[in-house]
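Input: a single structure, listed below in structure tokens.
The values are calculated or read from the model by the stated rules, or taken from the named source; none is laboratory data. Remember, it's a predicted structure, so these values are computed and weren't measured experimentally. Reconstructed Cβ throughout: ideal geometry from the backbone, glycine too, with neighbour counts over all protein chains shown.
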Amino acid sequence: MYDNNPTLEGIKTIDEAKQGNVLFKEHWQETSEPGGRKFYIESYGCQMNFSDSEIVASILHEAGYSPTRNVEESDLILINTCSIREKAEETVRKRLRFFETVKMQRPGTVVGVLGCMAERLKKKFLEEEKLVDLVVGPDAYRDLPNLIGGVEDGQRMVNVLLSREETYADISPVRLESNGITAFISIMRGCDNMCSFCVVPFTRGRERSRDPYSIVSEAAGLFENGYREVTLLGQNVDSYKWENPETGERVNFANLLEMTALVHPKLRVRFSTSHPKDMTDEVLHVMARYDNICKYIHLPVQSGNSRILEMMNRTYDRPWYEDRIRAIRTILPDAAVSSDIITGFCSETEEEHQDTLSMVEWANYSMSYMFFYSERPGTLAARKYPDDIPEEIKRRRLNEVIRLQTTVSLRHNQADIGKAFEVLIEGDSRKSDQDFCGRNTQNKMVVFPKKPGLNPGDYVQVRVKDCTSATLLGEIV
Ligand code: SAH
Ligand code: SF4
Ligand code: F3S
């Protein structure tokens, strides 16, 4: 759900943000009016936030704005923010210092803060950051044109109302910075869990599920436009539930997965994130029935120790989690499982940390996103438990987990040498335009030499010859 950074923080660095996360779509250039207003948007945090930026872009497009990659020529600068860890918020503050210099050169430029940090800090943002004109929470994006109007009339505007209904179901997101092959579809918003470390329930509000027919039609539209893979997004996809108020028809996550898989056998379906307490065997059986549902589950454990899990309010213990892994191994023997892990949570002992290490080993994760605990104001843990593990110990434990996970990932990949996989070509590999890259069903990145006649969006059989801990290297068979 967040980018593939196996080190300390799961958010993009500033440099990456400058190059990569600036949302843009080529054909918009043609439609932009000469002298029309331009917006620039930068996104941080999880995939849902990136997906929200595509909704924002669509709303702004309707309001007559065109996108630009060049912040210096924009009339409206937006930063879609993340609050998940302190470091994520620091990154945003640094970017605001940079935007300040831009605004000094172009005094009329409107600067807006969107997303989770806007929701967390609300009006306080305007007191703390003098350059900010606009603070908009994740459920208020439809109000953007109106809020921008207020700023143009000389006011500073805030809308951080959370909603119980908003899913932006009718807004067709503009696919920006897209490879044209893989896309994300938000299927729900908010979170009703209360993991004690987590700020998301406060920044994203109550859980609500989007109309399944709007999801399926978005997937079908993507397929018609050449896309070959969709990832269904939610903080806890297994608790997806929708009911037709008129007919009483009910759709759960297993049903939705099946409906999406039926769009086309050549459309791959992925999803993220699964919560161990809610992941059902029904979902696993649907996955087993459809070849185009990828055999990969992101099932964050957070800690391998039951006492810590209890304090984290994850509502499962280690035996429960192990049972879920066993169910995956039984129903989907070829599936890969990955995880999220937090080290140095309040009062965690060395022994309890060892339990997390043994879980990484036992679960044989193909990869993990790993973090050290960062106390977030207002969360249950911040109110109840002292943040009593010194940072150097948190970091040392994190490094131990990263080191072990790297070994386990390498072993996991080495076991694939000699096997052939179906790979969906996504584009050129990062290192060479002589090579393609794409993923196999287990979500492993595979790099292989190109062959004439093949293009991104094609499926190929690739035999694995070699690997690193992060990538499989192969040849087309
Ligand atoms: N909904 C997903 C996770 C969303 S946040 C789930 O329940 O699995 C992504 C990850 O960030 C979490 O899984 C957790 O590992 C990490 N995280 C969340 N809050 C954190 C905090 N306060 N400190 C460190 N890591 C945190
Ligand atoms: Fe946060 Fe827990 Fe909800 Fe995930 S399930 S978003 S960790 S509260
Ligand atoms: Fe996502 Fe960060 Fe918000 S992880 S939900 S953008 S706090």
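Pairing residues of the range 300-327 that are more than 15 Å from ligand 2 (Cβ to nearest atom) with residues that are among the basic types (Lys, Arg), at Cβ distances under 7 Å and at least 6 apart in sequence or on separate chains, gives 304/318; 305/318; 306/318. Checking the range 269-288 against the condition returns no match, with no residue being assigned to a loop (DSSP other than H, G, I, E, B) and without any contact (Cβ under 8 Å) to a residue 24 or more places away in the chain. Only a single criterion out of (1) over 22 Å from residue 226 (Cβ atoms); (2) buried (at least 20 other Cβ atoms within 10 Å of the Cβ) is not satisfied by residue 466, namely (2).
Conditions (1) assigned to a loop (DSSP other than H, G, I, E, B); (2) in the same structural domain as residue 116 (by TED's automatic domain parsing); (3) modelled with pLDDT under 95, marked per residue:
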site: 2; (1), (2), (3): yes, no, yes
site: 8; (1), (2), (3): yes, no, yes
site: 34; (1), (2), (3): yes, yes, yes
site: 55; (1), (2), (3): no, yes, no
site: 72; (1), (2), (3): no, yes, yes
site: 78; (1), (2), (3): no, yes, no
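Checking 308, 297 one by one, the residue that is within 30 Å of residue 348 (Cα to Cα), assigned to a strand (DSSP E or B) and β-branched (Val, Ile, Thr) is 297 and no other.
Scanning the range 103-119 for residues that are more than 21 Å from the chain's Cα centre (by Cα), at pLDDT 95 or above and among the aliphatic types (A, V, I, L, M) yields 110, 111. The condition (being within 25 Å of residue 297 (Cα to Cα) and either out of contact with any Ser or Thr (no Cβ under 8 Å at 6 or more places or on another chain) or aromatic (Phe, Trp, Tyr) (or both)) is satisfied by just one residue among 361, 375: 361. Could we say that residue 168 is within 16 Å of ligand 3 (Cβ to nearest atom), outside the structural domain of residue 79 (by TED's automatic domain parsing), crowded, with 21+ Cβ neighbours inside 10 Å and among the aromatic types (Phe, Trp, Tyr) here? So residue 168 passes the test. State yes or no: is residue 256 crowded, with 17+ Cβ neighbours inside 10 Å, aliphatic (A, V, I, L, M), in contact (Cβ under 8 Å) with a residue 24 or more places away in the chain and assigned to a strand (DSSP E or B)? When the stated conditions are applied, residue 256 does not pass them. Entry remark, the range 322-349: residues being closer than 28 Å to residue 440 by Cβ and not in a strand (DSSP E or B) number 14 in total.
Table: residues versus (1) assigned by TED's automatic domain parsing to the domain that holds residue 86; (2) farther than 18 Å from residue 271 by Cβ; (3) touching a Gly at 6+ places or on another chain (Cβ under 6 Å); (4) touching a residue at least 40 places away in the same chain (Cβ under 8 Å).
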position	(1), (2), (3), (4)
185	no, no, no, yes
199	no, yes, no, yes
205	no, yes, yes, yes
211	no, no, no, yes
220	no, no, no, yes
231	no, no, no, yes
236	no, no, no, yes
239	no, no, no, yes
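More than 16 Å from ligand 2 (Cβ to nearest atom), more than 30 Å from residue 345 (Cβ to Cβ) and touching an Asp or Glu at 6+ places or on another chain (Cβ under 9 Å) - does that describe any residue in the range 185-208? Yes, because at least one residue in the range 185-208 is more than 16 Å from ligand 2 (Cβ to nearest atom), more than 30 Å from residue 345 (Cβ to Cβ) and touching an Asp or Glu at 6+ places or on another chain (Cβ under 9 Å).
Matching residues to (1) of a type outside the set (D, E, K, R); (2) without any contact (Cβ under 8 Å) to a residue 24 or more places away in the chain; (3) farther than 21 Å from residue 271 by Cβ:
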| residue | (1), (2), (3) |
| --- | --- |
| 121 | yes, yes, yes |
| 131 | yes, no, yes |
| 135 | yes, no, yes |
| 177 | no, no, yes |
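Residues of the range 253-290 being within 26 Å of residue 438 (Cα to Cα) and among the aromatic types (Phe, Trp, Tyr), which ones? Once the filter is applied, which keeps residues that are within 26 Å of residue 438 (Cα to Cα) and among the aromatic types (Phe, Trp, Tyr), the range 253-290 yields 271, 290. In the set 378, 344, only one residue is surrounded by fewer than 20 Cβ atoms within 10 Å (Cβ to Cβ) and within 16 Å of ligand 1 (Cβ to nearest atom); that residue is 378. Total residues in the range 201-241 satisfying the condition of being within 16 Å of ligand 1 (Cβ to nearest atom), surrounded by 23 or more Cβ atoms within 10 Å (Cβ to Cβ) and of a type in the set (A, V, I, L, M): the figure is 1.
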